[in-house]
Amino acid sequence: MRDLDGNTAPQETDALIDHIQTRYHAVHRSDLAGLLPLAERVEQVHADDPQAPHGLAQALMTLRREMEDHMAKEEAILFPAMRAGGMQGIDHPIAMMRADHDEHAACIARIRALTGNLTAPAHACGSWRALYAGTEKMLDDLAAHMALENDLLFPRFERG
Ligand SMILES: [Fe+2]
Ligand SMILES: [Fe+2]
């Protein structure tokens with residue numbers, strides 16, 4: 001499976017998990033740390049503009065909270081178990097992670113709806129455009145991250 005960067009994800013489970021943590025978990029954390037204050041600023045500056053992304057900062061905060069809880073569970077429980085070759089009843093936490101991914105997808109859809117699918121209007125300022133470009137990149141990363149887990153990593157441990 002190819003990454004957005006055009007790289008092929010590592011095959012071996014340990015290396016694949018390392019890749020998910022460095023290329024996605026760490027990058028999401030740093031991207032969201034920058035996007036949140038930017039979203040707040042754009043909403044404040046354009047408070048009277050009906051085309052401004054009203055509610056985006058709140059939606060990003062909700063997504064960040066969901067993602068933080070989720071990534072913490074993967075890092076503390078699921079990934080160590082997978083590195084150890086699996087554990088009894090691993091299907092249950094995997095099913096929970098898949099359900100979290102569905103919630104992330106709902107959050108992504110909400111953010112796209114709030115922002116006209118992240119298309120800035122012609123009069124948008126530079127910060128507004130940077131906010132939409134950065135959010136688009138983060139959401140594309142998140143989609144690729146979830147696909148790697150759902151389609152490549154998790155099936156290795158699911159009994160089906
Ligand atoms: Fe993850
Ligand atoms: Fe995940």
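Nothing in this text is a laboratory measurement; each read-out follows from the coordinates by a stated rule. Values in this document were obtained by computation on a predicted structure and should not be read as measured data. We place every Cβ from the backbone using ideal geometry, glycine too, and count neighbours over all the protein chains shown.
Numerical summary
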{"read-out": "Unmet requirement for Leu63, which otherwise passes all of (1) within 12 Å of ligand 1 (Cβ to nearest atom); (2) touching a residue at least 40 places away in the same chain (Cβ under 8 Å); (3) under 18 Å from Ala144 (Cβ atoms)", "value": "(1)"}
{"read-out": "Flag for Pro93 being within 12 Å of ligand 2 (Cβ to nearest atom) and not small (Gly, Ala, Ser)", "value": "yes"}
{"read-out": "Condition met for Ala133 (part of a helix (DSSP H, G or I) and at negative phi)", "value": "yes"}
{"read-out": "Subset tally (residues that are buried (at least 19 other Cβ atoms within 10 Å of the Cβ) and either within 14 Å of ligand 2 (Cβ to nearest atom) or more than 21 Å from His28 (Cβ to Cβ) (or both)) for the range 121-147", "value": "5"}
{"read-out": "Any chance Ala105 is closer than 29 Å to Ile17 by Cα, without any contact (Cβ under 8 Å) to a residue 24 or more places away in the chain and of a type in the set (Gly, Ala, Ser)", "value": "no"}
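Residue by residue, here is whether (1) aromatic (Phe, Trp, Tyr); (2) surrounded by 15 or more Cβ atoms within 10 Å (Cβ to Cβ); (3) touching an Asp or Glu at 6+ places or on another chain (Cβ under 7 Å) holds:
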| site | (1), (2), (3) |
| --- | --- |
| Pro10 | no, no, no |
| Asp14 | no, no, no |
| Ile17 | no, yes, no |
| Tyr24 | yes, yes, yes |
| Val45 | no, no, no |
| Glu66 | no, yes, yes |
| Glu75 | no, no, no |
| Pro93 | no, yes, no |
